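The next block holds one structure in the form of structure tokens; read it before the comments.
The values are calculated or read from the model by the stated rules, or taken from the named source; none is laboratory data. Being a predicted model, the structure only gives us computed values, none of them experimental. Here Cβ is always computed from backbone atoms with ideal geometry, including for glycine, and neighbour counts include all displayed protein chains. The protein model used for the area step is the full one, side chains on, heavy atoms only, and it has no ligands, DNA or RNA in it. Shrake-Rupley method; radii C 1.70, N 1.55, O 1.52, S 1.80 Å.
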Amino acid sequence: MKEFVISEAKVETAVLVGLITQTQDERKTNEYLDELAFLAETAGAEVVKRFTQKLPTAHSVTYVGKGKLEEIRQYIRNEEEEEREVGMVIFDDELSAKQIRNIEAELKVKILDRTSLILDIFAMRAQTANAKTQVELAQYKYMLPRLQRLWTHLERQGGGSGAGKGSVGLRGPGETQLEMDRRIILNRMSLLKERLAEIDKQKATQRKNRGRMIRVALVGYTNVGKSTMMNLLSKSEVFAENKLFATLDTTVRKVIIDNLPFLLSDTVGFIRKLPTDLVESFKSTLDEVREADLLVHVVDISHPGFEEQIEVVNKTLAEIGGSGKPMILVFNKIDAYTYVEKAPDDLTPRTKENLTLEELMKTWMAKMEDNCLFISARERINIDELKNVVYQRVKELHVQKYPYNDFLYQTYEEEEE
């Protein structure tokens, strides 16, 4: 079969497949496929075609029906005849070992699902030993129940993480004959868990040694502008680009606003259908969120599905034990917001797509009161207001948490006087 290898990165062509189900209408499926296309692009693939099918639930054997699978096979064959080879087919949901095996047998190309694609991007993005260890553990967890379709030799992996640049879906650890594979993987996972336990201890010690300062964590969906905000507030140069999961390792910076110091951390972005194995593996990274005193939830207001993204982040926060903390909701990218203006003779009810930015702002400010801001980090719009609100919230928390701290700070009012 196929082997996880490290090779020169190259552009591969991909076909996307999604389902329209009872719980996921056509609009939502198209949104998910847009996101899947962005994931594929981030991983280094070029999407050339999309297929969707209406089904009550995913087919247990082939995900889509036999007719749709044959349609995909014919498309791949026609592309080969035109000398435009399709390198892979990516499915928008996690596939079982049986589904992958049956689909591969029919289509004769590389088969990925959303989970393996996200794992691949994480492997590509991992830079530090900590991130590489976490990614490798998540890859093994994903691989273990799917061993029957994979042949290769894990012994070659030695002590390396296997995460690096390579063709899409093939970065990371490899496999060998079934029983030996399983034993090697379980031993490797045990070792990685021990390493992560040590990392957890080190991180906990680091957090204890940070002094009597309030901790603020930037959270949000992937690619909403958290790293750009981090750079603005901390005056540092944290890596930021228009790709998913640009930040894997948590970055912590000491920030001072008007003589009041606090710690600001930039965390990994969340995403719909985020693999559970990744959440588990990135426990030490997410501890920054769990131990934060204040969360700044950054939202891309220009994204048509931003409300669902807010729900995804809140659900993920609840899963990792980070909900219930003081939170500021920061709507970013107001410079990119667009709306559809209704014609005067259009008598259909207005939808959220018809709301102007001002109307949307009033709606959310009525709901969130003072815990809601609208900014553009890129264009530096309302950044002073953001700093002022963060300062006030940190000051309140600082007085509550360290009432006897003799640290002196001055307020905006005192400075003006």
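Residue 80 - would you say it is open to solvent by 20 Å² or more (accessible area, probe 1.4 Å) and either farther than 27 Å from residue 23 by Cβ or without any contact (Cβ under 8 Å) to a residue 40 or more places away in the chain (or both)? Yes: the conditions hold for residue 80. Within the bounds of segment 260-267, is there any residue that is of a type in the set (A, V, I, L, M), within 30 Å of residue 305 (Cα to Cα) and at pLDDT below 85? So far as segment 260-267 goes, no, none of its residues is of a type in the set (A, V, I, L, M), within 30 Å of residue 305 (Cα to Cα) and at pLDDT below 85. Here residue 74 meets the list (1) open to solvent by 40 Å² or more (accessible area, probe 1.4 Å); (2) under 28 Å from residue 23 (Cα atoms); (3) of a type in the set (S, T, N, Q) almost entirely, failing just condition (2). In segment 353-391, the qualifying residues are those that are in contact (Cβ under 8 Å) with a residue 40 or more places away in the chain and charged (D, E, K, R), and the one that is least open to solvent (accessible area, probe 1.4 Å) is 387. Within segment 58-110, if we keep just the residues that are of a type in the set (Asp, Glu) and part of a helix (DSSP H, G or I), the residue that is nearest to residue 274 (Cα to Cα) turns out to be 104. From the list 86, 11, the one residue that fits, being modelled with pLDDT under 95, crowded, with 18+ Cβ neighbours inside 10 Å, over 28 Å from residue 141 (Cβ atoms) and among the hydrophobic types (A, V, I, L, M, F, W, C), is 86.
Residues in segment 351-395 that are touching a Ser or Thr at 6+ places or on another chain (Cβ under 9 Å) and outside any helix (DSSP H, G or I): 355, 377, 378, 382. Tell me, please, whether a residue that is within 23 Å of the chain's Cα centre (by Cα) and either at positive phi or surrounded by 19 or more Cβ atoms within 10 Å (Cβ to Cβ) (or both) can be found in segment 57-65. No, every residue in segment 57-65 fails to be within 23 Å of the chain's Cα centre (by Cα) and either at positive phi or surrounded by 19 or more Cβ atoms within 10 Å (Cβ to Cβ) (or both). In segment 222-233, the count of residues that are of a type outside the set (S, T, N, Q), surrounded by fewer than 21 Cβ atoms within 10 Å (Cβ to Cβ) and at pLDDT 90 or above is zero.
Let's see how each residue does on (1) among the polar types (S, T, N, Q); (2) under 23 Å from the mean Cα position of the chain (by Cα); (3) modelled with pLDDT under 80:
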| site | (1), (2), (3) |
| --- | --- |
| 326 | no, yes, no |
| 345 | no, no, yes |
| 351 | yes, no, yes |
| 363 | yes, no, no |
| 371 | yes, no, no |
| 377 | no, yes, no |
| 383 | no, no, no |
| 389 | no, no, no |
| 401 | no, no, no |
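State whether one or more residues within segment 284-302 are among the hydroxyl-bearing types (Ser, Thr, Tyr), assigned to a strand (DSSP E or B) and at pLDDT 80 or above. No, because not a single residue in segment 284-302 is among the hydroxyl-bearing types (Ser, Thr, Tyr), assigned to a strand (DSSP E or B) and at pLDDT 80 or above. Being part of a loop (DSSP other than H, G, I, E, B) and at negative phi is true of residue 345. Applying the set (1) at pLDDT below 60; (2) part of a loop (DSSP other than H, G, I, E, B); (3) not small (Gly, Ala, Ser) to residue 155 leaves exactly one unmet item: (2).
Every residue in segment 316-331 that is over 16 Å from residue 224 (Cβ atoms) and not in a loop (DSSP other than H, G, I, E, B), please. Those that are over 16 Å from residue 224 (Cβ atoms) and not in a loop (DSSP other than H, G, I, E, B): 318, 319. Go through segment 292-332 and give me each residue that's surrounded by fewer than 16 Cβ atoms within 10 Å (Cβ to Cβ) and either acidic (Asp, Glu) or over 29 Å from residue 206 (Cβ atoms) (or both). Across segment 292-332, the qualifying residues are 304, 307, 308, 311, 319. With respect to residue 41, is the statement that it is among the acidic types (Asp, Glu), under 24 Å from the mean Cα position of the chain (by Cα) and either surrounded by 14 or more Cβ atoms within 10 Å (Cβ to Cβ) or modelled with pLDDT under 95 (or both) true? Yes: the conditions hold for residue 41. Residues of segment 102-118 that are among the basic types (Lys, Arg) and buried (at least 18 other Cβ atoms within 10 Å of the Cβ): 110, 114.
Cβ-Cβ contacts under 8 Å between residues 6 or more apart (or on different chains), taken from a first residue in segment 15-38 that is of a type in the set (S, T, N, Q) to a second residue that is surrounded by 16 or more Cβ atoms within 10 Å (Cβ to Cβ) and at pLDDT below 90, are absent.
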